Amino acid sequence: MSTILITGAAGFIGSHLSERLLARADRVAGLDCFNDYYDPAIKRANLTASHSHPEFSLHETDICHREALFEVFRTVRPDVVVHLAARAGVRPSLLDPQLYHEVNVKGSQNLLDACREYPVQNLVFASSSSVYGGSDRVPFREDDPVHGPVSMYAATKRMNELQAHVHSHLYGLNVSMMRFFTVYGPRQRPDMAINKFTRMIAAGQPIPMFGDGTTRRDYTYIDDIVDGLVRTIDRPRPYEVYNLGESDTTELRELIQLLGELLGVEPVIDHQPLQPGDVPLTYADISKARELLGYDPQVPIREGLRRYVEWFKAQG
């Protein structure tokens, strides 16, 4: 039995990962500050299943509070840390860049320092496909240049990759940086497109479509992301960067139409201009994750949306 500390454990990805690890008999310590980026009651509900497991503990701590974070490490003594806690969202990061720097950069430095003070076997660290900026090299490879982020959120995630590399190089910390590509599925954050569009279509409300609908995303179902994370937890390496995506793309207008078909409602489109910080395309080359992790995504977009809509309807 390994002891695994998950920061951001009450979030969308963290709560699913907690359940998967508990199911395979790991001990999980969840850390979350339950901030108000979205309703904290949603996050607490995300942990319902984990709370019922005897090998789960919850620590309500902010990664920005250095001494409190170190106390969690002293108490838990994790073998592995999965660092998912962050201030998320491209557009909000343009409105409050100081907050994003404080949480994502300084908070993550606290966590890296804690991993040095209380050595861990492996740190699995959430990065983002946003670090590729508006790259026209497709599909995106881990060795592509990532010098042109177009949002503060993307800049903080790239900084995280550099911070972690320093700790790996100087202190021998095993680190895997995970570049997630638009994760969706049950419990997805309410500000994210699939969650928001589903609610609005079901209610007969107009869908804000930014641009002409031809922007494309590599949408990745939550089960595939969790599978990639578990494989990375079990395969520590000195320093690696991995893309985790489906390695397929879907146009925005096609996504909206698919959701309408699954809900049995014709979407009403509210055309809006492209937003600052948005990129026209994300597309993951996952050959490295396939080779080193055995990562093999199983849920294509149509099936993933079907599962999501089924879950949405079950919520009443």
Tell me which residues, restricted to region 93-132, are closer than 16 Å to residue 277 by Cβ and crowded, with 18+ Cβ neighbours inside 10 Å. 93, 100, 104, 128, 129, 130, 131, 132
Return the pair list, or none, for Cβ contacts closer than 8 Å from residues in region 190-214 that are farther than 20 Å from residue 314 by Cα to residues that are among the polar types (S, T, N, Q), at least 6 apart or on different chains. 208/272; 209/272; 210/272; 210/275; 211/272
Reported set for region 274-295 where residues are exposed (fewer than 14 other Cβ atoms within 10 Å of the Cβ) and either under 16 Å from residue 193 (Cβ atoms) or within 18 Å of the chain's Cα centre (by Cα) (or both) is 274, 275, 280
Say we look at region 20-41 and pick out the residues that are in contact with a helix residue (DSSP H, G or I) (Cβ under 7 Å, 6 or more places away or on another chain) and surrounded by fewer than 19 Cβ atoms within 10 Å (Cβ to Cβ); which of these is farthest from residue 236 (Cα to Cα)? 34
What are the pairs, 6+ residues apart or on separate chains, where a residue within region 280-299 that is farther than 19 Å from residue 137 by Cβ has its Cβ under 7 Å from a residue that is small (Gly, Ala, Ser)? 293/228; 295/228; 295/289
Evaluate region 231-245: report whether one residue or more is touching a residue at least 12 places away in the same chain (Cβ under 8 Å), crowded, with 21+ Cβ neighbours inside 10 Å, within 20 Å of residue 310 (Cα to Cα) and not hydroxyl-bearing (Ser, Thr, Tyr). no
I need the full set of residues from region 124-177 which are within 21 Å of residue 285 (Cβ to Cβ), touching a Gly at 6+ places or on another chain (Cβ under 8 Å) and of a type in the set (S, T, N, Q), in order please. 129, 135
Hey, could you check region 36-73 for residues that are touching a Phe, Trp or Tyr at 6+ places or on another chain (Cβ under 6 Å) and touching a residue at least 40 places away in the same chain (Cβ under 8 Å) and say which is farthest from residue 192 (Cα to Cα)? 73
Determine whether region 115-126 contains at least one residue that is among the small types (Gly, Ala, Ser) and within 18 Å of the chain's Cα centre (by Cα). yes
Just the residues that are assigned to a loop (DSSP other than H, G, I, E, B) and among the hydrophobic types (A, V, I, L, M, F, W, C), please, taken from region 273-310. 274, 279, 286, 299
Check off (1) outside any helix (DSSP H, G or I); (2) under 19 Å from residue 233 (Cα atoms) for residue 161 and give me the number that stays unchecked. (1)
Looking for something at pLDDT 95 or above and touching a Ser or Thr at 6+ places or on another chain (Cβ under 7 Å) - is there at least one such residue anywhere in region 186-204? yes
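The values are calculated or read from the model by the stated rules, or taken from the named source; none is laboratory data. Quantities reported herein were computed from a predicted structural model and do not represent experimental measurements. No Cβ is skipped: glycine too gets one built from the backbone with ideal geometry, and neighbour counts run over all protein chains shown.
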